[in-house]
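**Student:** I have a structure I would like to understand better, so I am pasting it below and will then ask my questions one at a time.
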Amino acid sequence: MSNAPLMPKATAVWLVDNTALTFDQVADFTKMHPLEVRAIADGDAAQGIKGMDPISTGQLTRDEIERGEKDVNYRLKLSESKVVLPPAAKKKGPRYTPVSRRHERPSAILWLVRNHPELKDAQIMRLVGTTKTTIASIRDRTHWNAQTLTPMDPVTLGLCSQIELDFEVQRAAKEKPTDQAYGGATLLPASETTRKEENEPSERNQDDLNVDAVFAKLKTIGGKKQDDDEE
């Protein structure tokens, strides 16, 4: 907590009007100059300012004021607040880009659109600090300076860090589904190859039987011809 009370002038007005504290004591507590406190007491300063009771706001206690009224050399101590306020969360707004580098943002956007098409507009806005309208005009080549734009790395330009760029690229890669491209012919399943191997011996045996039957018939035919000649 700050050493000065809230609304020091209003607090000084209340202390001057409602206590017997000296100007030096009030000035030390409110962190004001004693002559300014004297001007408040004389009505020359802080006219129209409504006094604020430091007791009701928990900045002083009645005992502390009484102790100061009894001893002119005593310096009032600001009471510590019993309520602990959480630190205010920093709001994430659009990235601030220095004026000297704002003319380089279109080149950085063009580089991101060409080299990382998977990035969404919101991610480019976080990296470069631009608007959706500017991104759309660069994508459609309708930007007023589209003919002379040259893609430039935003990290080199100092618009973002390499860590921030890598983080956004990895996030976009995770969100984008992978395309299943044709990888060429694949091997047959084991069930088919095994079944063919089992059938091959039976087919060979059948072929062998057919060959033997043919030769047997030839032999019989040849034997009959020889018998006819002998007769």
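Just so it is clear, none of the values below were taken in a lab; they were calculated from the coordinates. Everything numeric here is computed off the predicted structure, so don't read it as measured data. Every residue, glycine among them, receives a Cβ derived from its backbone with ideal geometry; neighbour counts consider all protein chains shown.
**Student:** Give me the log10 of I(q) over I(0) for region 8-70 at q = 0.12, 0.30 Å⁻¹, as the Debye formula computes it from C-alpha points; what are the numbers?
**Tutor:** Result of the Debye calculation: -0.24, -1.46.
**Student:** Here is a further query. Going by how many other beta carbons lie within 10 Å of each one, how would you line up Ser161, Ser79, fewest first?
**Tutor:** Ser161, Ser79
**Student:** When a footprinting reagent is the concern and you count Cβ atoms within 10 Å, what order do Phe23, Phe29, Phe167 take, fewest first?
**Tutor:** Working: Phe23 20, Phe29 27, Phe167 15.
Ordered by Cβ neighbours within 10 Å, fewest first: Phe167, Phe23, Phe29.
**Student:** Further question: Might you report the magnitude of the Cβ-based charge dipole of region 99-175 about its Cα centre, with Lys and Arg at +1 and Asp and Glu at -1, to the nearest 20 debye?
**Tutor:** Numbers: 11 positive and 9 negative charges, 45 e Å.
In total the dipole reaches around 220 debye.
**Student:** With respect to the cross-link table entries Lys9/Lys77; Lys9/Lys31; Lys132/Lys174; Lys50/Lys77, which display a Cα-Cα separation exceeding 20 Å? Mind dumping the intermediate values first?
**Tutor:** Details: Lys9/Lys77 17 Å; Lys9/Lys31 9 Å; Lys132/Lys174 23 Å; Lys50/Lys77 23 Å.
Result: Lys132/Lys174; Lys50/Lys77 exceed 20 Å.
**Student:** Taking other Cβ within 10 Å of each residue's Cβ, how do Trp14, Trp144 sort, fewest first?
**Tutor:** Ascending number of Cβ neighbours within 10 Å: Trp144, Trp14.
**Student:** What is the sum of charges, Lys and Arg at +1 and Asp and Glu at -1, for the other residues whose Cβ falls under 11 Å from the Cβ of Val155?
**Tutor:** Charge balance in the 11 Å sphere: -3.
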